[in-house]
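Contents: one structure, followed by commentary.
Every number in this text was worked out from the coordinates using simple rules, so none of it is lab data. These numbers come from a predicted model, not from an experiment. Note: ideal-geometry Cβ built from the backbone for every residue, glycine included; neighbour counts use all protein chains shown.
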Amino acid sequence: MKAWMVLATCSAALTMAPAARASDPAQLPGPAFPEFRTAAQVRQACDTGLRGAASQLKSLARQPASAQWIAEYDAFYGWVEDIHGPIEFIRNVHPDQKVRDAAEACELRWQDFLTSVGQNPKLYQAAKDSVPADEIDRESLRVTVEGFEDSGVGLGPAQRARAKQLVNRIGELGQKFDMNVRDGKLRLSFTPDELRGVPEQVLKSARPGAKGSLLLGLDYPTYFPVMERAENPATREKMWRAKMNEGGPANLKLLAEIARLRRDYAKLFGFESYADFVLRRRMAKSIANAERFLGEVKHAVNEGEQRDLAELRDAKARHLGQPTDKVTLQRWDVAFYTERLRKERFTVDEESFRPYFPPQESVRFVMRIAETMFGIRYTPVPARLWHPEAQAFAISDAATGKPIASLIVDLYPRDGKYGHAAVWSYRSGSTLSDRIPQAALVVNFDRKGLTIEELDTLLHEFGHSLHATLSKTRYALNAGTSTELDFVEAPSQMLEDWIFDRKVLKLFAEVCPSCTPVPDELIEKARAAREFTKGSQTARQHLYASFDLALHGPEAPEPMGLWRRMEGGTPLGYVAGTTFPSGFSHVAGGYGSGYYGYLWSLVVAMDLRTAFAADRLDPAVGKRYRDTVLSQGGQRPPEQLVRDFLGRDVSPKAFFDYLAK
């Protein structure tokens, strides 16, 4: 759901399979992404864009209510998105900090403008008075009217001004929070002996330090191999504590202020808490429903969590040659002993998968999955982008060759780049105005290859890109991932299971004939290993979601005090001196009061998978899924999308059956 209220997700040539060349690249459009080489270019684009947007707004405000009003409003939205979207995105990936800083400053100016749009009484009245032509228009107008109302258009003058002030301040604080995490340049010094067991490629990529030491950052391709493989517990503890303290004391203060200001914002509308305010617009409908769901999840995973931790503790005792009752399992032990047990019990070593899944070929592999399921084609196209390693693809319909979207992929970590994995839909599609959707997939992978878990992450994010690029909504306002926050993860989570299917993995040979196929027995073992510790992993997600809801509940507690109490109530307890909330960017940003949505969406995702039970690559089911779910974006409610695809209401059975196994 999109609204004007902003409260806040050297490359080798690609190996192309012949089947993927559905169209001549010269005839396919690349992404219309502006070149931002300097900070001055960003500032100029910002100034010009805001002046143009103000002029467009004046013209729109003169338009009376009519059957065509929502189309005119959507055209204004699309014009703004074309200018604002690339600048909002580039601040997360550009290698030049001066460019990123200019984009950050511009983003605050755009936020101020968009908040004013959301409080425009003339637009609000026109939206309310416009008569919808059909169900799509009715839903689009409903969402638009609610967006205006949630921006404070109906408040008194003083309260409206306060609402605008709060939105702008929350946006500014969230931006600072993300910058403190993203731009942290901490590197930890270790001797070679302290890094015993760490994969060779991690050591080779480390920077040299004093007296023969190696300097390691906290990026994902470094952090996870160290936590899973370093034999020295002091090394793991040092790395883990640094990760848990990302953002530091400054971010704790920012998060506390963000939570307080969100509560103040909700109170302007008569709500006791920010969670009350936002959940009424989501699938959950209320805090009570979200908490009831989380309670059911906790009950379902309690036994599994206890069993998982007992097995890890026993593994540590055996490794150290000590009695189990004399051993304490620490948080920095979890990944290490999980990996040891996987190797011991399932003979699965995550690092052993890297030779099978080279990064570039892995991208083509997930594209080939989509090509097979949804009748589309990806073709590399030339484009001048923010970094030489960023790659552009045109997406076309396989049957007609018609261009339908474009996608940019940015694969490898670098200083100043967004450090996790995400998709930005910076240009939304619209069938009414023939707008072709564009999106960017950003990840941070090891150049040596992907583990099975990293391939899982790639497919998850690629699912978001499919949701964005296969959108065929009438209006850009409703396109792609512009849907309820507790549904938006479902299309991406649904695909995560695909990589453990033998038939699906056979597609890798189509995009990389020279790659050694991953043995079937290794995949079967990986599938079994994946189930291991699902109780404790789900319990951790439950903790994050519960913390988020409590932070934004009526009490508005101080973040660290709340975290100490909540994590302290878990089996492994709270570790003194750590400040996990200081790096919890989801909660500081757009997922505030929404982190429960990952588990809520997983219920939907697992139910959607049931339609593909017989064949995950079935093109007939894939077409139905593309037509009834992916293409619809937010122009129909999520509950209706599920009914249209499955022929029934969503059921939690598959999710809770999975937890019970």
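Can you give the % of DSSP beta bridges in the chain that are antiparallel, to the nearest 5?
Close to 80 percent.
Find, among the GluC sites (Glu not before Pro) in the range 484-557, those assigned to loop by DSSP (not H, G, I, E, B) with at most 14 other beta-carbon atoms within 10 angstrom.
Glu555
For the range 277-387, count the residues as N, evaluate 2.2 N^0.38 Å, and divide the Cα radius of gyration by that value, please.
After normalising by residue count via 2.2 N^0.38 Å, the value is 1.71.
If R0 is 35 Å, what FRET efficiency do you get for Arg187 and Thr431 from their C-beta distance, rounded to 0.05?
Efficiency, rounded to the nearest 0.05: 0.10.
Over all alpha-carbon pairs of the range 578-621, lay out the pair-distance distribution in 5 Å bins, whole %, shortest bin first.
The percentages, shortest bin first, are 5, 18, 16, 14, 13, 10, 10, 9, 4, 1, 0.
Check each of the trypsin sites (Lys or Arg not before Pro) in the range 143-240 and keep only those in coil by DSSP with at most 13 other C-beta atoms within 10 angstrom; list them in order.
Lys185, Arg196
So which lysines can Lys534 reach, going by Cα to Cα under 21 Å and dropping same-chain residues fewer than 8 places off?
The qualifying lysines are Lys298, Lys316, Lys343, Lys525, Lys653, Lys661.
Determine one quarter of the surface area of the Cα convex hull of the range 350-463, which equals its mean projected area, and express it in nm² to one decimal.
Dividing the Cα hull surface by four gives the mean projection, 7.8 nm².
I'd like the Karplus ³J(HN,Hα) series for the range 407-416: coefficients 6.51, -1.76, 1.60, θ = phi - 60°, whole numbers in Hz, and an x wherever there's a Gly or Pro.
9, 10, 10, 10, 8, 10, x, 7, 4, x
What list of ³J(HN,Hα) values in whole Hz, one per residue of the range 322-331 in order, does the Karplus curve 6.51 cos²θ - 1.76 cosθ + 1.60 (θ = phi - 60°) give from phi, with Gly and Pro shown as x?
10, x, 4, 6, 9, 10, 10, 7, 9, 5
I'd like the trypsin sites (Lys or Arg not before Pro) in the range 310-398 restricted to DSSP loop residues with at most 12 other Cβ atoms within 10 Å, sorted by number.
Arg384
Skipping prolines and chain starts, which residues have an amide H placed within reach, meaning under 5 Å, of the one on Arg196, given they are 5 or more residues away or on another chain?
It is Glu231, Asn232, by chain and number.
To the nearest Å, what is the center-to-center distance of the range 369-448 and the range 553-608, using C-alpha atoms only?
Between the Cα centre of the range 369-448 and that of the range 553-608, the gap is 31 Å.
Find the Cα radius of gyration of the range 36-155, compare it with 2.2 N^0.38 Å by division, and give the number to two decimals.
Working it through for the range 36-155, the quotient is 1.19.
Would you mind ranking Asp82, Asp415, Asp308 by Cβ crowding within 10 Å, fewest neighbours first?
Sorted ascending by nearby Cβ count, the order is Asp415, Asp82, Asp308.
Of Ile83, Ile258, Ile376, how do they rank once you tally other Cβ atoms within 10 Å and put the fewest first?
In increasing order of surrounding Cβ atoms, one gets Ile83, Ile376, Ile258.
Mind listing the long-range amide H neighbours of Ile404? Cut-off is under 5 Å, sequence gap 5 or more, other chains count too, H placed in the peptide plane at 1.01 Å from N.
Counting only residues 5 or more places away or on other chains, the set is Ile395, Ser396, Asp397.
Measure of size requested: the Rg and Dmax of the chain, with Cα atoms as the atom set and Å as the unit; please supply both.
24.5, 79
Mind giving me the nanometre distance, one decimal, between the label points for Ala250 and Ala620, set 7 Å out from Cα along Cα→Cβ?
5.9 nm
Work out how much length Asn302 to Ser651 would gain on full extension: take 0.36 nm times their residue separation and subtract the Cα-Cα distance, in nm to one decimal.
Using 0.36 nm per residue and subtracting the Cα-Cα distance, I get 123.5 nm.
Let me make sure I get this right: for the range 585-661, a, b and c are the square roots of the gyration tensor eigenvalues over alpha carbons, sorted descending. Under 1.5 in a/c it's rounded, otherwise prolate if a/b > b/c, else oblate. Which is it?
oblate
Considering only the other residues whose Cβ falls under 9 Å of the Cβ of Gly78, what net charge follows from Lys and Arg at +1 and Asp and Glu at -1?
Once positives and negatives cancel, what remains is -1.
Amide H to amide H under 5 Å from Gly209: which residues, 5+ apart in sequence or cross-chain, H placed 1.01 Å off N in plane?
So Gly209 has HN proximity to Leu214, Leu215.
Which of the aspartates and glutamates could be linked to Lys238 by a straight reach, that is with a Cα gap under 17 Å, when you skip same-chain ones fewer than 8 residues away?
Correct list for Lys238: Asp193, Glu194, Asp219, Glu228, Glu246, Asp333.
Go through the range 564-580 residue by residue and turn each phi into a ³J(HN,Hα) via Karplus (6.51, -1.76, 1.60, θ = phi - 60°); whole Hz please, and just put x for glycine and proline.
So the Karplus estimates, Gly and Pro as x, are 4, 5, 6, 5, x, x, 8, x, 8, x, 9, 9, 4, x, 9, 9, 3 Hz.
Based on DSSP H runs of at least 4 residues, each adding -39500 (n - 2.57), what is the mean residue ellipticity at 222 nm of the chain after dividing by all its residues, to the nearest 500 deg cm²/dmol?
-17000 deg cm²/dmol
Using a cut-off of 9 Å between beta-carbons, work out the net charge of the residues near Leu279 (Lys and Arg +1, Asp and Glu -1, Leu279 not included).
+2
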